[in-house]
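The values are calculated or read from the model by the stated rules, or taken from the named source; none is laboratory data. None of the values given here were measured: they were computed from a predicted structure. Positions of Cβ are backbone-derived with ideal geometry, glycine not excepted, and every protein chain shown enters the neighbour counts. Surface areas here come from the heavy atoms of the whole protein model, side chains and all, with no ligands, DNA or RNA. Shrake-Rupley method; radii C 1.70, N 1.55, O 1.52, S 1.80 Å.
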Amino acid sequence: MEENNPKIVNSPLITLILTFAGLTILMSMYITIPLTATWISEFSINETEAIWLSSAFSLCYAFSSLIYGPLSDRLGRKVFLVSGITFLTLITILCAFVKNYELLLILRILQAAGASAFVPISLVYIADVLPPENRLKTLGFVSSSFLIASVVAQVFSVLVEDALGWNYIFLLLGAFYLITTILTIFCLPKEKRVVQDISIFESFINIKNLFLNRSLCISFLISLMLLFSLIGMYTILGTYLAEAPFHFTNDQILTVRGIGLISVVTSLFASNITKKFGVNRSVRGSLLIASLSLFLMGISQSPLLSILFSLFFVACIALLVPVNISLINKNGAAQRGTAILFNAFILFVGASFGPMLATLLMEQTNSFISLTIFSIILLIGFVGAIFLD
């Protein structure tokens with residue numbers, strides 16, 4: 001039995017709303033990256049505890065995404081979009097008034113639970129409501145917003161913290177989420193969906209079927225590496241540029257973070273690039289260039305070349321995100337909702353452990369070894385991509 005929406009969907013409006021939502025919601029994940037020193041000073045904690053304010057969000061986001069996949073397949077997408085953004089709005093505003101580390105950590109976990117009920121499901125929602133010819137373009141815009149968030153959030157948090165204090169970071173984000181809540185309720189149409197005959201429990205059990213598909217497994221492997229390497233690189237970046245031979249100031253490092261926005265626009269051209277080179281070649285080429293860029297960044301003694309290699313790296317990750325999601329949408333077939341949400345789980349598991357590994361490597365080794373290890377991890381992804389169908 002199908003629930004049909006007779007209205008003609010407004011693709012540009014849906015794209016705009018979901019892109020704005022993706023940008024602002026994913027900012028919550030990244031705002032803590034440049035604030036480690038602030039948390040240490042504010043709550044009298046160590047660096048590992050400060051990193052957990054980011055990693056706990058990513059882990060909870062990942063596991064919540066895994067839960068919401070089968071539920072959204074069964075109950076529909078928009079109900080989770082509305083409930084997720086509403087809950088996120090309330091929790092984010094509460095974060096601004098926290099006075100101790102433990103409570104902020106709990107609220108960060110709750111933030112992730114709300115965020116993961118919106119962002120990953122929005123990717124499946126795109127396939128449910130938009131005509132096929134508009135889907136990859138919209139996926140490109142929305143996916144680019146996820147990556148733009150990784151840069152904008154860091155600049156945003158530093159500027160707001162310097163001007164007003166860290167509390168206002170959460171207040172301003174709460175205002176953005178309130179706007180998104182209103183837009184979601186009144187402007188996003190309810191999706192056309194097929195009411196499934198299987199139970200929710202069976203939907204969870206059927207997750208195992210995803211691993212019977214070789215192409216899906218390779219896509220999941222690639223997803224694991226994307227935010228893992230992106231956030232890992234940005235975690236390393238501050239120390240890397242501050243130490244010899246560069247000796248960048250904090251303002252210069254902030255500028256370099258901001259310049260990363262130039263590369264993120266690559267995701268907007270995902271459709272054109274894959275039409276020219278093919279999906280599989282685009283995936284393999286991006287992984288190989290990203291791997292080489294990190295390695296060359298590590299050995300470079302020139303600040304200009306190091307920044308250039310970082311831009312190549314970010315551009316490749318930006319292209320891979322929407323292309324990989326489109327592959328999963330195609331190969332997931334009847335389980336595409338669960339596949340996309342499981343992919344979000346994998347993606348943000350990587351986002352959780354990327355900064356942890358980067359911090360550990362920087363404590364035990366140096367920037368060159370740290371960047372080289374991340375380069376090798378991406379090279380493993382390239383080898384896996386060779387076996388894509």
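Give the accessible surface of the chain per residue, rounded to a whole number of Å², with probe radius 1.4 Å and ligands, DNA and RNA excluded. Before the final figure, lay out the partial values.
Working: 15810 Å² over 389 residues.
Spelled out: the 1.4 Å probe surface of the chain, per residue, equals 41 Å².
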Cβ-based net charge around Gly384, under 14 Å, with every Lys or Arg adding one and every Asp or Glu removing one: +1
Convex hull of Cα atoms in region 196-282, direction-averaged projection (nm²): 9.7
Backbone HN-Hα couplings from phi across region 138-154 [Karplus 6.51/-1.76/1.60, Hz, Gly and Pro as x]: 5, 4, x, 5, 5, 5, 5, 5, 4, 7, 4, 4, 5, 8, 4, 4, 5
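Assuming R0 = 22 Å, what is the FRET efficiency of Ile373 and Val155, from their Cβ-Cβ distance, to the nearest 0.05? Please report the intermediate quantities before stating the final value.
Working: r = 27 Å, r/R0 = 1.22.
Computed FRET efficiency for Ile373 and Val155 comes out at 0.25.
Express in nm, to one decimal, how much length is gained between Asn250 and Ser215 on full extension, taking 0.36 nm for each residue of separation and deducting their alpha carbon distance.
8.3 nm
Which whole-number value in Å³ per residue fits the convex hull of the alpha carbons of the chain?
Here the figure is 125 Å³ per residue.
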Sequence-distant lysines (8 or more away, or on other chains) whose Cα lies within less than 26 Å of Lys330: Lys7, Lys78, Lys137, Lys190, Lys192, Lys208, Lys275, Lys276
Inter-label distance for Ile299 and Ala163, nm, one decimal - labels placed 7 Å from Cα along Cα-to-Cβ: 4.3
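Please report the carbon-and-sulfur percent of the accessible area for the chain; probe 1.4 Å, protein heavy atoms only, DNA, RNA and ligands left out.
Working: 11000 of 15810 Å².
Whole-percent figure for carbon plus sulfur exposure: 70.
Report the FRET efficiency, 1/(1 + (r/R0)^6), for Phe97 and Ile185, where r is their Cβ-Cβ distance and R0 is 25 Å, rounded to 0.05. Don't skip to the answer; put the middle values down first.
Details: r = 26 Å, r/R0 = 1.03.
Result of the calculation: an efficiency of 0.45.
Give the relative contact order (percent, whole number) for region 126-271; include only Cα pairs under 8 Å separated by 6+ residues.
Numbers: 64 pairs, mean separation 69.6, N = 146.
Over region 126-271, the number comes to 48 percent.
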Relative contact order (%) - the chain, alpha-carbon pairs under 8 angstrom, separation at least six: 27
From phi via Karplus (6.51, -1.76, 1.60), per-residue ³J(HN,Hα) for region 357-374 in Hz, x at Gly/Pro: 5, 4, 5, 4, 5, 5, 6, 9, 10, 8, 4, 4, 5, 4, 5, 5, 5, 5
log10 of Debye I(q)/I(0), alpha-carbon scatterers only, for region 212-337 at 0.16, 0.21 Å⁻¹: -0.79, -1.17
In Hz, Karplus ³J(HN,Hα) per residue of region 61-68 (6.51, -1.76, 1.60; θ = phi - 60°; x = Gly, Pro): 4, 4, 5, 5, 4, 5, 6, 6
Modelled FRET efficiency - R0 22 Å, Val82 with Ile106, Cβ distances, 0.05 increments: 0.40
